[in-house]
Structures are given as structure tokens and as C-alpha cells.
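Down below is the structure, laid out as C-alpha cells.
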Amino acid sequence: MKYTISLVFLATMNLPEQVEGRYMWGACEDAPRMNSFTESSYLGNWYEIYRDEISFGIGGECVTASYVDNGDDTISVTNRQMQGKFDYLDETEATARCQFTDDSLCEVYFNIFSGWQDYEILYTDYTELSIVHNCINYFWGMFKQEHLWVLSRTKTIDTTQLDTVWSEIQS
């Protein structure tokens, strides 16, 4: 499944040199985001179904993301994963904000080294699935790094949901 989603994503995004979130030449291009986004409906717990290998979660299993409204126009983000090799729970905290626009472009801040980064919600139905994209420009767009996540409200997805993911990535 991971291999198929990667191939579909890469082919439809016209990034043949993109393999598993590695660095590539060129600047980030605008991804096709949702036109409207309801932040309050997105809050809660999400399970990671797919991620590229360079993202948070390398070697991790049972990865989850929890989004909680801070009450000050920001969102608390907690990413958790089990590190199978070491059998411990790894947790990363971040802050997100989505209020500066009415579409699904948000920003997330993990630490001073990463700064604020785009967190683009390409698709969500709020109750079952979410497809998230991130692209980081380096050296004024000389090269970039892209990431893709597929999230679900449940630990697994069925074939109908997988078809929805493929359809949204292709559009």
C-alpha cells in the first residue's frame, strides 16, 4: 500500500525525482488545497496511515497526532509513536495556527530550528480521512524537501477509503 500511494503521489505531482521525502532541486510549488477549512472539525485524534520516510516517525509504529484548541488562535499538536527497536513512547510537541486564511493552509512550529512551516491540508472529510502535504524551500528555492501524510480517525482504512485517498491525490 505504501509503495502504491507513493507512486500515485509522485506521478500526479510531476516530481519524478522525489523519493520518500528526500531533497530535490527547485522551489516548492503550490499544492491544490481545499477551498474552505473548518478548524474546529479537524481537532481531535488522528492515526497515521502513511508517511514518507524522512518525516517524524522514522522507525516508529502506531503514530498518532492530536490537535487541541489552545483558546488563543493556536492549536496544540502532539505527535506520538512507539519506537519498536527501543520499546518506548516518543512524543513531539508543536504549535499550529490556521486563522490567517480561509483555505486549508496552516502553519506548524516545532522548534526554533525549524521555525514556522506550511502544513497544507490537501483533503479532509473531518470524520475519516486527511491528506497533508508540506514543502520546505531551502536557499531561496534552489532546492526543496516535500512530505506527505495520510491520516485517519481510525487505526486502519478500508479499500473504499483507500480509493478516496488515491482519487484525492490524483485530482
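The values are calculated or read from the model by the stated rules, or taken from the named source; none is laboratory data. Because the structure is predicted, anything quoted here is derived from the model rather than measured. Using ideal geometry, Cβ is built from the backbone for each residue, glycine included, and neighbour counts are taken over all protein chains shown. Just the protein is used for accessible areas: all its heavy atoms, side chains included, with ligands, DNA and RNA removed. Shrake-Rupley method; radii C 1.70, N 1.55, O 1.52, S 1.80 Å.
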Thr160 part of a helix (DSSP H, G or I) and among the β-branched types (Val, Ile, Thr): yes
Residues of segment 43-53 satisfying the condition of being surrounded by 15 or more Cβ atoms within 10 Å (Cβ to Cβ) and at pLDDT below 90: Tyr50, Arg51, Asp52
Pairs, first closer than 16 Å to His133 by Cα in segment 149-166, second modelled with pLDDT of 85 or more and open to solvent by 50 Å² or more (accessible area, probe 1.4 Å), C-beta under 9 Å, six or more apart: Leu151/Tyr47; Ser152/Tyr47; Ser152/Glu128
Residue ID - farthest from Tyr42 (Cα to Cα), chosen from residues in segment 129-171 that are open to solvent by 70 Å² or more (accessible area, probe 1.4 Å) and touching a strand residue (DSSP E or B) at 6+ places or on another chain (Cβ under 6 Å): Asn137
Segment 108-128 - residue that is assigned to a strand (DSSP E or B) and not aliphatic (A, V, I, L, M) and, of those, most open to solvent (accessible area, probe 1.4 Å): Trp116
Test: Thr74 is at pLDDT 85 or above and either within 22 Å of Asn111 (Cα to Cα) or open to solvent by 20 Å² or more (accessible area, probe 1.4 Å) (or both): yes
